[in-house]
Protein chains: 2
Amino acid sequence: MKKKIGVVLSGCGVFDGAEIHESVLTLLAIDRAGAEAICMAPNIEQMHVINHLKGEPTDEKRNVLVESARIARGEIKDIAEVKVDDIDGLIFPGGFGAAKNLSDFAVNGENCKVNPDVIRLVREFAAKKKPQATCCIAPAMYAKVFDGESISPTLTIGNDKDVAGKIEQMGSKHQECAATDMICDDENKIVSTPAYMSGKNISEVAEGIEKTVNKLISMI
Amino acid sequence: MKKKIGVVLSGCGVFDGAEIHESVLTLLAIDRAGAEAICMAPNIEQMHVINHLKGEPTDEKRNVLVESARIARGEIKDIAEVKVDDIDGLIFPGGFGAAKNLSDFAVNGENCKVNPDVIRLVREFAAKKKPQATCCIAPAMYAKVFDGESISPTLTIGNDKDVAGKIEQMGSKHQECAATDMICDDENKIVSTPAYMSGKNISEVAEGIEKTVNKLISMI
């Protein structure tokens, strides 16, 4: 039986959804490690739609699950239907979707709200000491999930002082890290990597994500 | 100076645009080889929009250049503005976008039409013996570009007998190939790989595309 890794997507495109490179590189690393990716996303409307050519919002409405299905080639589940026992590991690629659709960190910072199914899976994974990983801006969302809880994870988003400060305001610890690397909170089994928060090119991001996925799978 | 590789995208999503995995794996292989990707796409409306969760068409309208910009993280050019001398190599990832937006091969088969800027770049590359590459279903479009021309390239789309037959009807030669490999028409400097036309997983596709990109760059 292959190990099953839940990959939580948040749309399709860096400015309003899941970062596409990070998502694909996550799927590649999972497959190369001999594990199986189980893609999932919430069945909700996106915060907004950004024209990625102009970098401006449009009047369109798009659904997070439907757009995430583009990255997953149609093979994707509604996160509301996924139970913690269905999967052995959990990973969140980044992109603004983690801060606009899975949470509203992009708007409300340390006072953000997080999607209830994300909270459920992340907290249950932590409670059961099952391994999970979070990339790019998604660690900020993780800090909120554990804000006021008994767990205070160590996370990285690279070296952005503003976001790192907000992570600490939410009660987590921040540790600097290069895009080509990852850090692991061994006690809580939470791996994180900066990805495009500080990565200068796709090769750096690929290296950090591959290390993240391998570390995640090694803890199953 | 880095070698510049034009990457022609056709939207964002396997069923109505550029295949996302193939596109990202192409960008990764180019960067890892020390070259620079120059993403481009036509500024035209998509043939249609497919809901990738249900596999069904929707009433939406989307623009090929704007959607391709999602894969390119905003860094993309209108293909109409790209001259053959601006780039050293050219590559087309696959996805139905190559057969619906860059051409209408998906509807009209061997009687398809191809986007005029695609015709212009591909024919000028061939005329100047500059190297180019074509992945997945995009080789069928290549066969049409050379239909009736003096060049009769050897191409692969894997082992699909129906599509291979249409490629030969359009005057090109078809050679079977595994998804993990590529073939090269040395005389015309055209590399091709089956990618998801026959690839069973993302690792197989990554292997074939990496070989394709490396071969392409080696011929510059």
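The values are calculated or read from the model by the stated rules, or taken from the named source; none is laboratory data. It should be emphasised that the depicted structure is a prediction, and the values quoted were computed from it without experimental measurement. Note that each Cβ is placed from the backbone with ideal geometry, even for glycine, and that neighbours are counted across all protein chains shown. Just the protein is used for accessible areas: all its heavy atoms, side chains included, with ligands, DNA and RNA removed. Shrake-Rupley method; radii C 1.70, N 1.55, O 1.52, S 1.80 Å.
So for segment A:4-218: antiparallel DSSP bridges make up what percent, rounded to the nearest 5?
Numbers: 7 of 26 bridges.
Within segment A:4-218, antiparallel bridges account for around 25 percent of the total.
Shape call for chain B from the C-alpha gyration tensor, a ≥ b ≥ c root eigenvalues: rounded (a/c under 1.5), prolate (a/b greater than b/c) or oblate? Working shown, then result.
Working: a/c = 1.25, a/b = 1.09, b/c = 1.14.
Here chain B falls in the rounded category.
Using a label position 7 Å from Cα in the Cα→Cβ direction, what is the ascending list of nm distances from A:LYS4 to the same site in the other copies?
4.9
Hey, got the dipole for the protein assembly as shown? About the Cα centre, +1 on K and R Cβ, -1 on D and E Cβ, debye to the nearest 20?
Roughly 360 debye for the protein assembly as shown.
Does the protein assembly as shown classify as rounded, prolate or oblate by the C-alpha gyration tensor (a ≥ b ≥ c root eigenvalues; a/c under 1.5 gives rounded; else a/b over b/c gives prolate, otherwise oblate)?
In terms of gyration-tensor shape, prolate.
Would you mind giving the total buried accessible surface between chains B and A, with a 1.4 Å probe and ligands, DNA and RNA left out, rounded to the nearest 100 Å²? Don't skip to the answer; put the middle values down first.
Numbers: alone 9790 and 9780 Å², together 16420 Å².
That pair of chains buries around 3100 Å² in total.
If you roll a 1.4 Å probe over the protein assembly as shown with all protein chains in place, what percent of the accessible area is carbon or sulfur? It would help to have the intermediate numbers written out before the result.
Working: 7490 of 16420 Å².
Looking at the protein assembly as shown in its full context, I get 46 percent from C and S.
Counting only trypsin sites (Lys or Arg not before Pro) that are in a DSSP loop and have at most 14 other C-beta atoms within 10 Å, tell me the longest site-free stretch of chain A.
Numbers: sites that count: A:LYS2, A:LYS54, A:LYS61, A:LYS83, A:LYS113, A:LYS128, A:LYS129, A:LYS200.
Longest site-free region, per DSSP loop and neighbour criteria: A:130-199.
Between copies, how close do the B:ASP85 label points come, placed 7 Å along Cα→Cβ, listed in nm from shortest?
6.9
Using the beta-carbon distance between A:MET1 and A:GLU75 and R0 = 22 Å, what value does 1/(1 + (r/R0)^6) give for FRET efficiency, to the nearest 0.05?
Given R0 = 22 Å and the Cβ-Cβ separation, E is 0.75.
Which chain A residue puts its Cβ closest to the axis that rotates A onto B, and at what distance in whole Å?
A:VAL24, 2
What is the set of long-range amide H partners of A:ASN51 at a cut-off below 5 Å, with H atoms built 1.01 Å from backbone N?
Residues meeting the amide H criterion: A:GLU56, A:THR58.
Residues of segment A:63-91 losing 50 Å² or more of accessible surface, assembly versus chain alone, probe 1.4 Å, please list them.
Residues losing area: A:VAL66, A:ARG70, A:ARG73.
Dimensions of segment B:130-188 along principal axes (Cα, Å, largest first)?
Per principal axis, max minus min of the Cα coordinates gives 30, 27, 15 Å.
Kindly sort A:PHE15, B:PHE105, A:PHE96 by accessible area of their heavy atoms, largest first, with the probe set to 1.4 Å.
Ranking A:PHE15, B:PHE105, A:PHE96 by accessible area, largest first, yields A:PHE96, A:PHE15, B:PHE105.
On average, how much accessible surface per residue is there in segment A:4-218, in Å², for a 1.4 Å probe, leaving out ligands, DNA and RNA?
Each residue of segment A:4-218 exposes 36 Å² on average to a 1.4 Å probe.
Can you list the residues of segment B:18-40 that have at least 50 square angstrom less accessible area with all protein chains present than in their chain by itself, probe 1.4 Å?
B:ILE20, B:HIS21, B:VAL24, B:LEU28, B:ASP31, B:ARG32
Say a label goes 7 Å from Cα toward Cβ at B:ARG123 in every copy; what distances in nm does this one have to the rest, shortest first?
Taking the point 7 Å beyond Cα along Cα→Cβ, the inter-copy spacings are 6.4 nm.
Add -39500 (n - 2.57) for each DSSP H run of 4 or more in the protein assembly as shown, then divide by its residues: what number comes out at 222 nm, to the nearest 500 deg cm²/dmol?
-10000 deg cm²/dmol, from helical runs alone.
Label 7 Å along Cα→Cβ of B:GLU124; segment B:25-52 residues with amide nitrogen under 20 Å?
Only B:36-44 fall inside the zone, counting backbone N under 20 Å.
What's the center-to-center distance, using Cα atoms, between segment B:1-72 and segment B:150-175 in Å?
Each part's Cα centre sits 24 Å from the other's.
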